[in-house]
Amino acid sequence: MADLTLNEKRLLVALAPRGRAGAVALAEALETSEEAVVQYAHLCADRGLAAIERTVTKTYTLTPEGEEYRRSGLPERQMLEQIGEGIPMKDLQALPLSRIGIGWLRKKGWITIKNGVAQTIGEVPPGDDEIALAAPREGMPGIPDLLKRNLVVEAEEAAYTIAITPAGAALVASGLDLREETGTLTRDQILSGSWRTANLRRYSLQTPPKRIYPGKSHPYQRIIDEVKRILMDMGFVEMRGDIALSAFWDFDALFQPQDHPAREMQDTFYLDRTEPLPAGWEGVRDMHEHGGSTSSIGWGGVWEAAKAEQCVLRTHTTPLSVKYLIENPKPPVKAFALGRVYRREAIDPTHLPEFEQLEGIVMDEDVTFRHLLGYLREFYHRMGFENVRFRPGYFPYTEPSVEPEVWVDGLGWVELGGAGVFREEVTAPWGIEAPVLAWGLGISRVGMLKLGLKDLRQLYRSDIDWIRESPVIGEGE
Ligand SMILES: N[C@@H](Cc1ccccc1)C(=O)O
């Protein structure tokens, strides 16, 4: 029994001659608290050296009202003493305490009422309630009534009795080392060599340690970091940009017609501000109106600068790609952005008005649609999604376009965004000539799936228990 500490040994030694004793008495003998004794006893009990018995006693304290009645008698008793043999009801009602007393007098059958006169039944010995009120103790028959009348309150008190087991007694009989224990060695003890003779406290390998929760980032942030890491591993550089930008960048530069439904107020958050059009905007206007100098015929109609100048909260991260390509028009380009986007969605378990998108572009002399599918498949594989498939899609800025889907057990195919090859209508106004593969993928959905959540909103919670218990994802941690 090397792993008993001095405290448990002392408890056993104190217990041995008595066999069994109350924790309070033991605490006195060991000059410690009752709680400490119970704690040591539990450690002994775990090793089969002692047994603990817990008895709960109920105690009763009088309420102020109960205290008063204990002194002067219950209202019905006080009244009974005043009425004598008989009393007209209205005189009875005029007596002090009558509001409480009359009801009880009748209920207990101490009076009967005939023709407006209350008649007593003579002397009544104290009832169970009165006996209990004098000195309430557990088990008295009058207690429930006193509780109901709110004259006493009940409390529970636990008392512990500890008994030594034969194994415990044998251990004590075999002699226990009761020298002071050393928990942590000091420098002096090491230098002087006195550690050799010190009674070192042993480690208990059976006792489960207290759980500790070191600081860690939010589970969703971990996934975002993981996604960024994967893209960087795949050779992409990160692009960043503003959350608020003009509709020119969010829509027009992406060849989204000015009457496109996604541009409506009910789908997009418009800001009360405008931004001047950037240099080169005329190319975008021409593209919309007639296809510029390409073979495209554009959307036709008149392109309005005022609509393009309106600022919006970005509805996707794709404008970052166009801006980045304008600054880096020569291949090769491999860039990604992971950021928040905003749409006027009604909130439900799978829709939020703000969420994260992963945007990516690959521009090179001879990249094709097949490379695009390869990149997407590779990305999802690295994210842990084995099965990826592509369905034809439509976006005003890509041709061909696809919607990648991943298979999730229990959910089936889950759609995760869009992708395609940028149309000439997007790239030509800026003199970009090499093909550009592009995608915009919902990352909050991925986060939800990877964290096993059923509701997108849970991603943005800061529920501390959830965060504490959430597993650490990603490598290198
Ligand atoms: N921007 C699109 C996704 C997309 C990006 C790039 C190319 C094609 C599609 C969306 O929000 O859903």
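Using R₀ = 22 Å, calculate the FRET efficiency as 1/(1 + (r/R₀)^6) where r is the Cβ-Cβ separation of GLU180 and ASP3; round to 0.05.
0.80
Taking the number of other C-beta atoms within 10 Å as the exposure measure, put CYS311, CYS44 in order starting with the fewest.
Lowest to highest Cβ neighbour count: CYS311, CYS44.
Please give the net charge around LEU338, taking every other residue with its beta carbon less than 10 angstrom from that of LEU338, where Lys and Arg add +1 and Asp and Glu add -1.
That works out to -1.
Which whole-number percentage describes the relative contact order of the stretch 220-469, with Cα contacts under 8 Å and a sequence gap of 6 or more?
Once divided by the residue count of the stretch 220-469, the mean separation gives 20 percent.
If you add up the charges near GLY291, with Lys and Arg at +1 and Asp and Glu at -1, over every other residue whose beta carbon is less than 13 angstrom from its beta carbon, what do you get?
Here the charged neighbours net out to -2.
Could you work out the local net charge near ARG137, counting Lys and Arg as +1, Asp and Glu as -1, over the other residues with Cβ closer than 12 Å to its Cβ?
After counting each charged neighbour, the total is -1.
Full-extension gain between VAL24 and ASN387, please, as 0.36 nm times their residue separation minus the C-alpha to C-alpha distance.
124.1 nm
On a straight-distance basis, which lysines could pair with LYS58 in a cross-link, Cα separation under 25 angstrom, same-chain partners fewer than 8 positions away excluded?
Cross-link targets: LYS148.
Assuming 0.36 nm per residue, please report the length gained on full extension of the stretch SER192 to GLU433 beyond their Cα-Cα distance.
Here the answer is 78.7 nm.
What percent does the relative contact order of the chain come to when contacts are Cα pairs within less than 8 Å and at least six residues apart?
Once divided by the residue count of the chain, the mean separation gives 13 percent.
As a footprinting exposure proxy, order MET232, MET79 by other Cβ within 10 Å, with the fewest listed first.
Final ranking by Cβ density, sparse to dense: MET232, MET79.
Loop by DSSP (not H, G, I, E, B), at most 16 other beta-carbon atoms within 10 Å: where is the longest site-free stretch of the chain for trypsin sites (Lys or Arg not before Pro)?
Between the exposed loop sites, the longest stretch runs 345-453.
Once every DSSP H run of n ≥ 4 in the chain is given -39500 (n - 2.57) and the sum is divided by its residues, what mean residue ellipticity at 222 nm do you get, rounded to the nearest 500 deg cm²/dmol?
-9500 deg cm²/dmol
Suppose a student asked you for the relative contact order of the stretch 5-136, using Cα pairs under 8 Å spaced at least 6 residues apart; what percent would you report?
The value is 18 percent.
If R₀ is 41 angstrom, what is the calculated FRET efficiency for the pair GLU67 and ASP465, using the beta carbon separation as r and rounding to 0.05?
The formula returns an efficiency of 0.40 here.
Any read-out appearing in this document is the output of simple, stated calculations on the displayed coordinates, not a laboratory observation. Values in this document were obtained by computation on a predicted structure and should not be read as measured data. Glycine gets a Cβ as well: all are built from the backbone with ideal geometry, and neighbour counts include every protein chain shown.
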